[in-house]
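Student: After the structure tokens below, expect a handful of questions from me.
The values are calculated or read from the model by the stated rules, or taken from the named source; none is laboratory data. This one's a predicted model, so the numbers in the text were calculated from it and none came from an experiment. Counting neighbours? That spans all protein chains shown, and the Cβs are built from the backbone with ideal geometry, glycine included. For accessibility, only protein heavy atoms count, side chains too; no ligands or nucleic acids. Shrake-Rupley method; radii C 1.70, N 1.55, O 1.52, S 1.80 Å.
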Amino acid sequence: MKVKVIPVLEDNYMYLVIEELTREAVAVDVAVPKRLLEIVGREGVSLTAVLTTHHHWDHARGNPELARLRPGLAVLGADERIFSLTRRLAHGEELRFGAIHVRCLLTPGHTSGHMSYFLWEDDCPDPPALFSGDALSVAGCGSCLEGSAQQMYQSLAELGTLPPETKVFCGHEHTLSNLEFAQKVEPCNDHVRAKLSWAKKRDEDDVPTVPSTLGEERLYNPFLRVAEEPVRKFTGKAVPADVLEALCKERARFEQAGEPRQPQARALLALQWGLLSAAPHE
């Protein structure tokens with residue numbers, strides 16, 4: 001399994017997942033279809049399906065044009081509001097693309113119909129991959145727009161039970177601001193400090209910070225650390241869902257108080273990640 005990380009719009013990511021034996025490919029969150037098809041052609045793969053995490057335009061806007069250009073393409077997701085949806089998926093449903101297994105995990109909170117996708121191959125040394133859209137990002141999570149804090153807590157808790165080596169491919173490049181907030185929540189967390197230093201260097205070099213791993217996220221992502229005493233102390237809450245709700249409110253205030261960040265220009269070429277690679281290469 002090979003994952004190509006494709007920066008689009010101001011700070012979004014779409015992905016192309018390639019099953020290397022059959023050369024079958026699946027796209028995740030298509031925002032710029034022509035760019036995706038350029039990469040599909042360059043890779044010499046057959047695009048068979050689109051997995052959409054949620055209905056927001058920056059994750060689903062490319063579906064209609066892609067469906068027009070590729071008649072018969074399966075467009076899959078959990079929300080009927082997703083553009084050009086051909087089949088609605090259910091929580092726990094499993095799909096198969098060549099040797100790649102996909103488990104569909106309903107993760108409401110950011111939207112009521114948000115679906116995350118857990119991918120793996122049997123008898124493969126490569127770690128599995130999670131395409132988390134806006135449910136979980138590097139050092140953060142999406143804002144709670146359509147669900148309750150309890151729903152979001154349950155969604156993140158379920159994602160947190162996946163194997164720690166799971167690679168996390170999220171929907172946005174928000175890592176630097178997320179870590180700046182995480183440092184405010186836990187100023188004495190050495191993992192936050194080290195990751196923030198690393199992310200600043202990546203930002204200077206205009207290089208994506210995805211993927212992370214779930215094991216890493218548990219060390220510095222405050223939204224996965226709601227049971228930790230420093231996070232509870234910061235929020236003044238004890239019940240995990242209440243801690244999460246307070247974190248979301250504080251994160252919104254933090255973002256409003258900060259200086260507007262000018263998004264850096266993203267590389268014109270997609271960045272390729274092998275799931276065991278230590279660094280991307282073109």
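Student: Could you name the lysines in cross-link range of Lys2, using Cα to Cα under 18 Å and dropping any fewer than eight places away on the same chain?
Tutor: Answer for Lys2, where 18 Å is the Cα cut-off: Lys167, listed by chain and number.
Student: Roughly how many Å² is the accessible area per residue of segment 2-273, as a whole number, for a 1.4 Å probe?
Tutor: 43
Student: Percent of Cα-Cα pairs more than 25 Å apart in the chain, please.
Tutor: 43
Student: Would you please report the Å³ per residue occupied by the convex hull of the alpha carbon atoms in segment 86-143? Don't skip to the end; give the middle numbers.
Tutor: Details: hull volume 5.1 nm³, N = 58.
Taking only Cα atoms, segment 86-143 has a hull volume of 87 Å³ per residue.
Student: Run the dipole for the chain about the Cα centre, Lys and Arg Cβ at +1, Asp and Glu Cβ at -1, nothing else charged, and hand back the magnitude in debye, nearest 20.
Tutor: Charge dipole, the chain, about its Cα centre: 380 debye, nearest 20.
Student: Same structure again: For the full complex of protein chains and a 1.4 angstrom probe, list Cys141, Cys104, Cys124 by accessible area with the highest value first. Provide the component values of the computation, followed by the final result.
Tutor: On the way: Cys141 25, Cys104 0, Cys124 45 Å².
So the residues, ranked largest to smallest area, are Cys124, Cys141, Cys104.
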